[in-house]
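The values are calculated or read from the model by the stated rules, or taken from the named source; none is laboratory data. Keep in mind that what you see is a predicted model, and the values were worked out from it rather than measured. Heads up, the Cβs are rebuilt from the backbone with ideal geometry, glycines too, and the neighbour counts pull from every protein chain shown. These accessible areas exclude ligands, DNA and RNA; they are computed on the full protein's heavy atoms, side chains included. Shrake-Rupley method; radii C 1.70, N 1.55, O 1.52, S 1.80 Å.
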Amino acid sequence: MKLYVDTQGKAFTVSKDPEPKTDQHGNQRSEKGTGRLLWSTQVFVLDETGGEVITITTAGEKPSVKVGELVTVEQLEAIPWATNGRNGVAFRATALKPKSGSAAAK
């Protein structure tokens, strides 16, 4: 089952430029099944309850977004994980795109 996050009413601002998602050896990871390269982009999410910094993984072309830019997040998925007594939530999206008419672009 996939858990999708409702992004309505949330503002996403890029807080760190997209970087290759790498393994423990420094090699860029790729998506299982398709071989598309994986990218990590740090964003600041703000809604009526406050803000939080998250990292969103995307596959394929490097997202053409930059620090300070408001972005649209397509199909944001929350992926709970647990490993060696640690746990958290990873985030994945099909795309990150500059928000048209964003304040950062003005």
Whole-Hz Karplus couplings 3J(HN,Hα) for the range 55-67, θ = phi - 60° and coefficients 6.51, -1.76, 1.60, Gly and Pro as x, run 10, 10, 9, 10, 10, x, 5, 4, x, 8, 10, 9, 3
If you scale each eigenvalue of the Cα gyration tensor by 5 and take the root, what three semi-axes come out for the chain, rounded to whole angstrom and sorted largest first? 23, 18, 13
Residue-span extension gain [N27 to V53] - 0.36 nm each, minus C-alpha spacing: 6.9 nm
Could you check how much of the accessible area of the chain is carbon and sulfur, as a whole percent, using a 1.4 Å probe? 50 percent
For a quick check: with amide H placed at 1.01 Å from N, whose amide H comes under 5 Å from V65's, ignoring anything fewer than 5 positions away on the same chain? none
Given a 1.4 Å probe, the accessible area of the chain per residue, as a whole number of Å², is 67 Å²
Collect residues whose amide H, placed 1.01 Å from N in the peptide plane, falls under 5 Å from the amide H of L37; neighbours closer than 5 in sequence don't count. E31, G60
Place the peptides 88-94, 26-32 in order of packing, highest mean first, counting for every residue the other Cβ atoms within 10 Å and averaging per peptide. 88-94, 26-32
Give me the lysines in straight-line cross-link reach of K99: C-alpha distance below 28 Å, same-chain residues under 8 apart excluded. K2, K10, K16, K21, K62, K66
